[in-house]
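Since the structure comes first, as structure tokens, the remarks are kept for the end.
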Amino acid sequence: MQQLITIAVAAAVTVVLRALPFLVFSGKRKPPAFVLWLGGQLPRAVMALLVIYCLKDGIAGDAPGLLPAVAAVGTTVALHLWKKQMILSVAGGTLCYMLLVQFAV
């Protein structure tokens, strides 16, 4: 019962938080300049955090694990600069990482 209550509360909070911006800024009311600026900056910040998170173990001293991660990041960046397709970039980087981790031992 406790698990069901926890899931229900988490789902309710998620729905409210997802709907809140549409309720607050609906109609003719324009979002403040800071909110618009933040919306433009967050995608870059999230991507930077994801790259740091992916490389954190290798940077902390696990050198053998660093090479596949750096190669995958490089593959992702190269594919994105070449084709400018997010799904292709992420899939290519993931494939590169998985192949290197599985077969480079």
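Annotations for the structure displayed:
- Among (1) within 26 Å of A104 (Cα to Cα); (2) modelled with pLDDT of 85 or more; (3) of a type outside the set (S, T, N, Q); (4) touching a Gly at 6+ places or on another chain (Cβ under 9 Å) - the single one P31 does not satisfy: (1)
- Test result for A69, in contact with a Cys (Cβ under 7 Å, 6 or more places away or on another chain) and hydrophobic (A, V, I, L, M, F, W, C): yes
- Matching residues, segment 1-31, being in a loop (DSSP other than H, G, I, E, B) and surrounded by 10 or more Cβ atoms within 10 Å (Cβ to Cβ): F25, P31
- Pick from segment 1-56, criterion under 30 Å from A72 (Cα atoms) and of a type in the set (V, I, T), ranking: nearest to the chain's Cα centre (by Cα): V46
The values are calculated or read from the model by the stated rules, or taken from the named source; none is laboratory data. Given the structure is predicted, the values throughout are model-derived calculations rather than measurements. As a convention, Cβ positions derive from the backbone with ideal geometry for all residues, glycine included, and neighbour counts pool all protein chains shown.
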